[in-house]
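Beneath this line is the structure, given in structure tokens, with notes to follow.
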Amino acid sequence: MKKYECTVCAYVYDPDVGDPDNAIAPGTAFEELPDDWTCPDCGVGKDMFEPLDD
Amino acid sequence: MHATLAEGVNWVGIIDWTVRDFHGYETRRGSTYNSYLVQGEKTALIDAVKAPFADTLLGNIDETVGLGSVDYVVANHAEPDHSGSLAAVMAACPKATLVTNEKCAEILEGYYGAREWPTHIVTTGDSLDLGGRTLSFVQVPMVHWPDSMVTYCPEEHILFSNDAFGQHLASSGRFDDELDLSVVMDEAKTYYANIVMLYGRPIARALEAVGGLQIAMIAPAHGVIWREHVAEILDAYNDWVRCRPRARLLVIYESMWGSTDAMAHEILAGALGHGAEIELLEVGSTGRTRIATEVLDAAVLAVGSPTLNMTLMPEVAGVLTYLKGLAPRNKAGLAFGSYGWAPSGPKEVHAALEGMGVEMLGEPLTARWRPDDEVRARCREAGRMMAERAVRAAAEGHLYPV
Ligand SMILES: [Fe+2]
Ligand SMILES: [Fe+2]
């Protein structure tokens, strides 16, 4: 599963970690995040994220 | 007016003695907007000030190096407290090139429109050779906005940290050793809690990014310059980003006819003597700036509101909304309050605390009309339980992962 980076604040969504503060379990792919999920660090939507090349 | 950090490195900022409201943050000790001049063979100004102080800034620059000799104007952050006078500076310094990052340039254009300023875009790892002195740049997004950046002068080991490590503190001394350290630390904590508490993770990343630098001085954009107590403020930030809990219980409440006030005092009475530090904070008389500051390192929060108009009291709702945005982590809590026929006030407090990730220690403590002996006993018992919990949390030292 790919990591995604927020283009506004550089937060990296790591599917292995999820987003525990917002009830996103480890193992959740970026694509599976709910549409209204927002960046936990700066609040922008999923459309502001870009996949990170590994 | 100017003050010298090192030979050829000068503070040329503004002391705002009278400001008491900084977008809702009660700046009880005023503030400063710090600009710095760094001279090599070329001269750079680091950050500007709030718009109303443009003329004073220009006067300070002129007196120190002469307006005509400014080659670069570094914009670390586009918020108007640092950029409001940028247009005046660019107009008054004919050969100046604006040095900033892409995001900051974007926001500056959003605020001030497209300008013809000669601009040099930098990013993390870039540096600017001033001839004998260097400025290098590290972007630190969300400390305080997406554009935030810090500037480092390796020859002098000075970190120009912009909002990070700042304090809203007007003082005659420009350095941390020129006033009472407890005042400086208190204002640094108030600033952290009210401006950047929610950005713990990005700040932790920024601390890591500058962690490898040798730092003799931290020159922030607000308040005094750290030179004697650099280690203390870095240690404090390392605790704050992880919300290290202290053995403290806050009883935060508002009352209508004294019942919720009586419950708050019973909680206090029950909590005393169990090793925790307790503070009773009535919302209306305390204000949200102080409350947010106390919340930063308190392990446990008891928050009380009676039912008013079938909901919680607006003063308490305001504080809870403010805290929700600031996102305090690593807390336990309990709601309490009185009601007549519908306990919606305390229930909504409970839901709000739970919604911001506070670990709830039980159902809301409620009293119908007046707390009777039984309710009073339950309040004292809850106070004892919360005090013990606070002591345990501090001892265990569980940190919020960043
Ligand atoms: Fe800012
Ligand atoms: Fe600022």
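Note on A:Lys2: aspartates and glutamates with a C-alpha under 14 Å away, same-chain residues under 8 apart excluded, are A:Asp14, A:Asp16, A:Glu31, A:Glu32, A:Glu50, A:Asp53, A:Asp54. The eigenvalues of the Cα gyration tensor, multiplied by 5 and square-rooted, give the stretch B:249-392 an equivalent ellipsoid with semi-axes of 20, 18, 13 Å from largest to smallest.
For the stretch B:169-177, the Karplus equation 6.51 cos²θ - 1.76 cosθ + 1.60, evaluated at θ = phi - 60°, returns couplings of 8, 8, 7, 6, x, 9, 10, 4, 8 Hz by residue, with Gly and Pro reported as x. Put simply, the convex hull of the Cα atoms in the stretch B:3-241 casts, on average, a shadow of 11.2 nm².
Against chain B, whose longest principal axis is taken from its Cα atoms, helix B:314-326 shows a tilt of about 50°. Peptide A:3-12 shows a mean partner chain C-beta count of 4 within 10 Å per residue C-beta.
Between helix B:373-396 and chain B there is an angle of about 40 degrees, using the helix long axis and the longest principal axis of the Cα atoms. Projecting the Cα positions of B:Ser31, B:Met385, A:Pro26 onto the charge dipole of the protein assembly as shown (unit charges on Cβ atoms of Lys, Arg, Asp and Glu, taken about the Cα centre) puts B:Met385 furthest along the positive direction. The accessible area of B:Leu361, taken with all protein chains in place and a 1.4 Å probe, comes to roughly 40 Å². Taking the dipole about the Cα centre of the protein assembly as shown, with the C-beta of Lys and Arg at +1 and of Asp and Glu at -1, give me whichever of B:Val49, B:Leu128, B:Asn330 is farthest to the positive side. Going by the Cα projections, it comes out as B:Asn330.
Farthest toward the positive end of the dipole of chain B, out of B:Ala271, B:Leu179, B:Ser69, is the Cα of B:Ala271, where the dipole comes from beta carbon charges about the Cα centre. Take the accessible area of chain B alone and of chain A alone, subtract that of the pair, and you get about 800 Å² summed over both chains, using a 1.4 Å probe. Here the stretch B:271-402 is assigned +1 on the Cβ of each Lys and Arg and -1 on the Cβ of each Asp and Glu. Its dipole about the Cα centre then comes out at about 140 debye.
Its alpha carbons give chain B an Rg and a Dmax of 23.8, 77 Å. At 1.567 mPa s and 4 °C, plugging the Kirkwood radius over alpha-carbon pairs of the protein assembly as shown into Stokes-Einstein gives what diffusion coefficient in µm²/s? Reported coefficient: 55 µm²/s.
For chain B, the longest principal axis of the Cα atoms and the long axis of helix B:344-355 meet at an angle of about 50 degrees.
Rounded to the nearest 20 Debye, what is the dipole magnitude of the protein assembly as shown about its Cα centre when Lys and Arg each give +1 and Asp and Glu each give -1 at the C-beta? For this selection, approximately 1080 debye. A protection proxy built from the mean count of other Cβ atoms within 10 Å ranks the segments B:362-375, B:118-131, B:164-177, most packed first, as B:164-177, B:362-375, B:118-131. Dipole magnitude for chain B: computed about the Cα centre from +1 point charges on Lys and Arg Cβ and -1 point charges on Asp and Glu Cβ, it is near 1060 debye.
The values are calculated or read from the model by the stated rules, or taken from the named source; none is laboratory data. This one's a predicted model, so the numbers in the text were calculated from it and none came from an experiment. Note that each Cβ is placed from the backbone with ideal geometry, even for glycine, and that neighbours are counted across all protein chains shown. Protein only, heavy atoms only, side chains kept; ligands, DNA and RNA dropped before computing areas. Shrake-Rupley method; radii C 1.70, N 1.55, O 1.52, S 1.80 Å.
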